[in-house]
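Asker: Supplied in structure tokens, the structure appears directly below.
Every number here is computed from the coordinates shown, using simple stated rules; none is lab data. Computed from a prediction, not measured in an experiment: that's the story for all the values here. Glycine gets a Cβ as well: all are built from the backbone with ideal geometry, and neighbour counts include every protein chain shown.
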Amino acid sequence: MITALHHLKLISDGLISHGKAVLIEGDNIIAVIDEDNIPQGTTKVDLNGAYLAPGLIDLQIYGSGSPLFFGGDPSAEALSQMEASLLKQGCTGFFATIATNTNEIIEQGIKAVLAHRDNKLGNMLGLHLEGPYLNPKRKGAHPDSLIKKATLAEVKHWVEMADGELKMMTVAPELQDAEVLNYLDEQGIVISSGHSDATYNQTKGFLHNPVKAITHLYNAMPPMHHRQPGIIPAVFEDKPYTSVVADGIHVNFTMIKLAKRMLGDKLFLITDAVSEANKGVYQHVLNGDHYTMPDGTLSGSNLTMLKAVQNCVTRADIDLAEAINMASLYPAELIGKDNQQGKIAENYLANMIVFNDAFELQSVVFKGAIQNYNIKF
């Protein structure tokens, strides 16, 4: 059966189009056509003039709702809850993230991902390890007692244990041996520099060779200085894919404007979101619109991806279609998904969101199925 979504404002690949219809069959988009050309016998779904955009992709998130996936007891059950919660927010793809911790807890998290394989909805795309191979000088909320230098044996053990589920690692590249970085690159794992104290010259040496990305720009890295430029100017020059937390707390919106001017289509959105937790290493406390550790150290955000898009539009002067790219197309390009995400186009997965002018989510289309909808057939 073919379903046609119509009476919509289509956002895809940096453009907003009118008068279009999107044809879905099974899991996939089979065509984007003029609305007047919808074939006879097609099931038509009227979106009442709302925006239709690609599903949002968050490459760094620790949990959504309760229990927190990466809290004191990571589990397959928490991952199931996380998938369901994020799907309701329009997040049709994400990397479940594990932060610096003991080997026991990290491996428990990896086992939870493996145990979840047979029961997953499918919006969890893999695992992101943020740590423990960081620079303690830029630890942020990560406990310095658990931060360490990578060994090739340990990295190989975790990669093999994860059985293809480990997709991304945030490390401080200036402290790691070349054999470790080269091994991760050879395995197709995205290496992202984060919680790093690298100099400008060190950063120039590892960007694109083999480090492909930067984790949460401005946070947990040296600020720009006129005599010691540090990481940020090197990022602006070499333009790797670079994530940013657009909540106005982790990063001021003026600095997001600057980053967008400098990085263009390489700046993408993450939430770095957590939820309240009262056990384990990371005991996140909700403090108004953000989370801190019990000692007041800033930890994760309270963002959703759609709220991050809204903030970019209303607070950072970024066009809506481009803000959607930052939350869908660019992260999809970084991780190189074979099953085509990030655009609304022929042969792409039918993962989409429907929202109104107030950035209120009205419906989610996931693998061709319309969920949580308030629309007319």
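Asker: Taking 0.36 nm per residue of sequence separation and subtracting the Cα-Cα distance, how much length would be gained by fully extending the chain between LYS120 and ASP163, in nm to one decimal?
Answerer: Length gained between LYS120 and ASP163: 13.9 nm.
Asker: What FRET efficiency comes out for LYS257 versus ALA153 if R0 is 51 angstrom and r is the Cβ-Cβ distance? Round to the nearest 0.05. Please list the in-between numbers first.
Answerer: Numbers: r = 44 Å, r/R0 = 0.87.
Approximately 0.70, to the nearest 0.05.
Asker: Would you mind ranking ILE38, ILE191 by Cβ crowding within 10 Å, fewest neighbours first? Could the numbers behind the result be given before it?
Answerer: Numbers: ILE38 16, ILE191 21.
Final ranking by Cβ density, sparse to dense: ILE38, ILE191.
Asker: Take SER328, SER12, SER363 and order them by how many other Cβ atoms sit within 10 Å, fewest up front. Provide the component values of the computation, followed by the final result.
Answerer: Working: SER328 32, SER12 25, SER363 20.
Ranked by crowding around the Cβ, least crowded first: SER363, SER12, SER328.
Asker: Using Cβ counts within 10 Å as a stand-in for footprinting exposure, how do ASP36, ASP238 rank, fewest first?
Answerer: With the fewest neighbours first, ASP36, ASP238 line up as ASP36, ASP238.
Asker: A further question on this structure: What fraction of the DSSP beta bridges in the chain is antiparallel, stated in percent and rounded to the nearest 5? Write out the running numbers ahead of the final one.
Answerer: Working: 32 of 67 bridges.
Close to 50 percent.
Asker: Expressed as a fraction of 2.2 N^0.38 Å, the rule-of-thumb size for a compact globular protein of N residues, what is the C-alpha radius of gyration of region 135-190?
Answerer: Relative to the rule-of-thumb radius for its length, region 135-190 sits at 1.16.
Asker: Next up: Taking amide H atoms as placed 1.01 Å from N in the peptide plane, list the residues 5 or more away in sequence, or in a different chain, whose amide H sits under 5 Å from that of LEU217.
Answerer: Residues meeting the criterion, in which the H sits 1.01 Å from N, are SER243, VAL244, VAL245.
Asker: Right, something else. Treating only the Cβ atoms of Lys and Arg (+1) and Asp and Glu (-1) as charged, compute the dipole magnitude of the chain about its Cα centre; round to the nearest 20 debye.
Answerer: 580
Asker: Moving on to the next point. In percent, how large is the relative contact order of the chain, given Cα pairs closer than 8 Å and 6 or more residues apart?
Answerer: On the way: 902 pairs, mean separation 80.5, N = 377.
Worked out over the chain, it gives 21 percent.
Asker: Per DSSP helix of 4 or more residues, -39500 (n - 2.57); summed, then divided by the residues of the chain. What does that give at 222 nm, rounded to the nearest 500? Before the final figure, lay out each step's value.
Answerer: On the way: 10 runs with 99 residues, N = 377.
That calculation yields -7500 deg cm²/dmol at 222 nm.
Asker: What FRET efficiency, computed as 1/(1 + (r/R0)^6) with R0 = 35 Å and r the Cβ-Cβ distance, is obtained for ASP27 and GLU186, rounded to the nearest 0.05? Numbers along the way, then the final one.
Answerer: Details: r = 31 Å, r/R0 = 0.89.
Here the calculated transfer efficiency is 0.65.
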